[in-house]
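Everything on this sheet refers to the single structure shown next.
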Amino acid sequence: MASLSLSLGLLVLCTLALVHCDLDDVQFRVWGLSASNLKVDLLSQPDPYVKVWYGPAFGGMSSILKNQANPTWPGEFNFVDIIHKSVLKLEVWDNNVGPDHRLGTCTTTIRPGTHTETCHLKKGTFYYTYSYDYSH
């Protein structure tokens, strides 16, 4: 249990700092987050960000990019203690003064190797890459 707490703590620190942490136990990472043609309404550009889940665990949130219909987010998300064939979920949101609006959700069952995914949202397209090292 202490190992899981330490791993989750390191994951949170890496995610909050939006930096790559060189962890020996990292088995799964998500990076290369970008989108194209995001739309919210006719009069404004979205202020998009991404929330990341691995299974039931919340992995963190990207930075909010102001007035970006075609954003590319910096950083990556690292996960440890991976359960084979779990689901990765990424939600694309528009930051607002009032409640934020979800622009779409992307899910995939992870598989070993490195994979670049394309996800079609209601109003735009989202792209991301993940790698899963099953040898750990």
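The values are calculated or read from the model by the stated rules, or taken from the named source; none is laboratory data. Quick caveat: nothing in here was measured; it's all calculated off a predicted structure. Neighbour counts run over all protein chains shown; Cβ positions are idealised from the backbone, glycine included. These accessible areas exclude ligands, DNA and RNA; they are computed on the full protein's heavy atoms, side chains included. Shrake-Rupley method; radii C 1.70, N 1.55, O 1.52, S 1.80 Å.
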Find the residue count for segment 113-136, including only residues that are surrounded by 13 or more Cβ atoms within 10 Å (Cβ to Cβ) and outside any strand (DSSP E or B).
2
Has segment 5-21 got any residue that is open to solvent by less than 30 Å² (accessible area, probe 1.4 Å) and at pLDDT 70 or above?
no
K66 modelled with pLDDT under 95, assigned to a loop (DSSP other than H, G, I, E, B) and open to solvent by 50 Å² or more (accessible area, probe 1.4 Å)
no
Could you please find all residues in segment 75-115 being under 15 Å from the mean Cα position of the chain (by Cα) and either without any contact (Cβ under 8 Å) to a residue 12 or more places away in the chain or within 23 Å of K39 (Cα to Cα) (or both)?
K89, L90, E91, V92, W93, D94, R102, L103, G104, T105, C106, T107
